[in-house]
Amino acid sequence: MTAPLTPHDHSSHLPPYPGSGASGPDQGEDRTKAVLSEVRRGALVALLVTVCGVALGLLWLWLSPRVPLVSDGRAVYLKDTEGEEAIGGDGTFALIAAGLGILTAAAVFWRYRRGGIGVVLGLAAGGVLASLVGWRLGVWLGPDTDIVAHATAVGPKVVFDAPLELRAKSALVAWPIAAMVVHLVLTSAFGPRDPDVPGAKSLYPAWTPPPPPNPSAPPPPPHDE
């Protein structure tokens, strides 16, 4: 008595179904190279944008309004108690950062028109780092941060400038926000489009309106109830 014969399994000889996740060694190497290329582009963008933070610090130091202080020999006071120079310093920083964010986003889009997640992340991270660099550089190059020592050095009744200070830390995100918005707009408007696949058919057929009624056609017979 012999065992029943089973049909031969031909599944091992069939090609993999597209999109089933089966990939050969060449496809794995190509995917790894693509990821490494994205990482390199993102790191380069982040580095170059961070270096632009030097321009932010210098422009903030140059354009930010000064807060005048005066000492009577015992304490330090604001010379103009109703002045808005302190608020103007935060606004100046935010405006300069937003402008540089727009410029860097346009430059990155011009260089990497196809975009990519690495470029976008590098632009955002570089904007945050550039804001930090500009903030610390402006404070470091600005007036002395030791107000008591500065007041003692200039003497009483002598007006001197307060150190640069960023009171609204939310201004640090003005650069990355402006860069992300501008890059998104440029990519949507001028970015490359995915080519249409030849021979591809839509899952839903196009709707066609019904033909208009023929006035010369005889009316349908009445239905008996």
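The values are calculated or read from the model by the stated rules, or taken from the named source; none is laboratory data. Since the model is a prediction, treat every value here as computed from it, not as a measurement. Cβ atoms come from the backbone with ideal geometry, glycine included; neighbour counts cover every protein chain shown. Areas reflect the complete protein model, heavy atoms only, side chains present, ligands, DNA and RNA absent. Shrake-Rupley method; radii C 1.70, N 1.55, O 1.52, S 1.80 Å.
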> Over region 26-70, with a single point scatterer placed on each C-alpha, what log10 of the ratio I(q)/I(0) does the Debye formula yield at q = 0.15, 0.16 1/Å?
Replying inline: -0.59, -0.62
> Could you give me the ³J(HN,Hα) list for region 100-117, computed from phi with Karplus coefficients 6.51, -1.76, 1.60 and θ = phi - 60°, whole Hz, x at Gly and Pro?
Replying inline: 5, x, 5, 5, 5, 5, 5, 5, 5, 5, 5, 7, 10, 5, 6, x, x, 5
> Cα-based Rg (one decimal) and Dmax (whole number) for region 44-159, in Å?
Replying inline: 18.7, 63
> What list of ³J(HN,Hα) values in whole Hz, one per residue of region 177-182 in order, does the Karplus curve 6.51 cos²θ - 1.76 cosθ + 1.60 (θ = phi - 60°) give from phi, with Gly and Pro shown as x?
Replying inline: 5, 4, 5, 5, 5, 5
> Once phi is turned into θ = phi - 60°, what whole-Hz ³J(HN,Hα) does the Karplus curve with 6.51, -1.76 and 1.60 give for every residue of region 124-138, x standing for Gly and Pro?
Replying inline: 5, 5, x, x, 5, 5, 5, 5, 5, 5, x, 4, 5, 5, x
> How would you rank 35-45, 152-162, highest first, on the average number of other Cβ atoms within 10 Å across their residues?
Replying inline: 35-45, 152-162
>> If packing is taken as the average number of other Cβ atoms within 10 Å across a peptide's residues, how do 49-56, 182-189 rank, most packed first?
In response: 49-56, 182-189
> Out of residues 5 or more away from ALA162 or on other chains, whose amide H comes under 5 Å of its own, with H placed 1.01 Å from N in the peptide plane?
Replying inline: VAL67, LEU69
> Mean shadow of region 114-186, computed from the convex hull of its alpha carbons, in nm²?
Replying inline: 6.3
>> Taking all protein chains in place and a 1.4 Å probe, what share, in percent, of the accessible surface of region 37-143 do carbon and sulfur account for?
In response: 69
> Quick one: accessible area per residue over region 103-202, 1.4 Å probe, rounded to a whole number of Å²?
Replying inline: 61
